[in-house]
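The structure under discussion appears below in the form of structure tokens.
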């Protein structure tokens with residue numbers, strides 16, 4: 001009959017190291033890939049949220065600023081018209097004062 005060999009604690013420790021090393025070599029790249037995929041997905045979601053918020057802000061900003069910007073040219077035109085009206089009224093007042101002999 002053949003002699004049976006029994007495992008010693010040292011044999012068990014060596015087997016654990018070799019199995020652990022093999023498992024790590026097989027599993028670590030898969031874990032890295034999974035983590036990378038999760039991070040990429042999370043970043044993409046955050047980027048989409050950021051872009052959506054930015055678009056909302058820009059839309060709200062321009063909705064509020066647009067009426068003000070339209071008022072600027074209207075105000076300039078109004079000032080030009082008023083300046084001409086004031087000049088005309090000043091001329092008329094001078095003529096009336098001269099006609100009535102009032103000192104200006």
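Taking the criterion of being exposed (fewer than 10 other Cβ atoms within 10 Å of the Cβ), within 37 Å of the chain's Cα centre (by Cα) and without any contact (Cβ under 8 Å) to a residue 40 or more places away in the chain, would at least one residue in the range 34-46 satisfy it? Give the steps one after another, and end with the answer.
Initially, the range 34-46 is screened for residues exposed (fewer than 10 other Cβ atoms within 10 Å of the Cβ), giving none.
No, the conditions are met nowhere in the range 34-46.
Looking for something surrounded by 10 or more Cβ atoms within 10 Å (Cβ to Cβ) and part of a helix (DSSP H, G or I) - is there at least one such residue anywhere in the range 3-10?
no
Could you please let me know if residue 63 is out of contact with any strand residue (DSSP E or B) (no Cβ under 6 Å at 6 or more places or on another chain), surrounded by 10 or more Cβ atoms within 10 Å (Cβ to Cβ) and at pLDDT 90 or above? Working first, answer last.
Values: out of contact with any strand residue (DSSP E or B) (no Cβ under 6 Å at 6 or more places or on another chain): yes; surrounded by 10 or more Cβ atoms within 10 Å (Cβ to Cβ): no; at pLDDT 90 or above: yes.
The answer is no for residue 63.
The values are calculated or read from the model by the stated rules, or taken from the named source; none is laboratory data. Note that this is a predicted model, so its numbers are computed, not measured. Ideal geometry is used to build each Cβ from the backbone, glycine not excepted, and the neighbour counts take in all protein chains shown.
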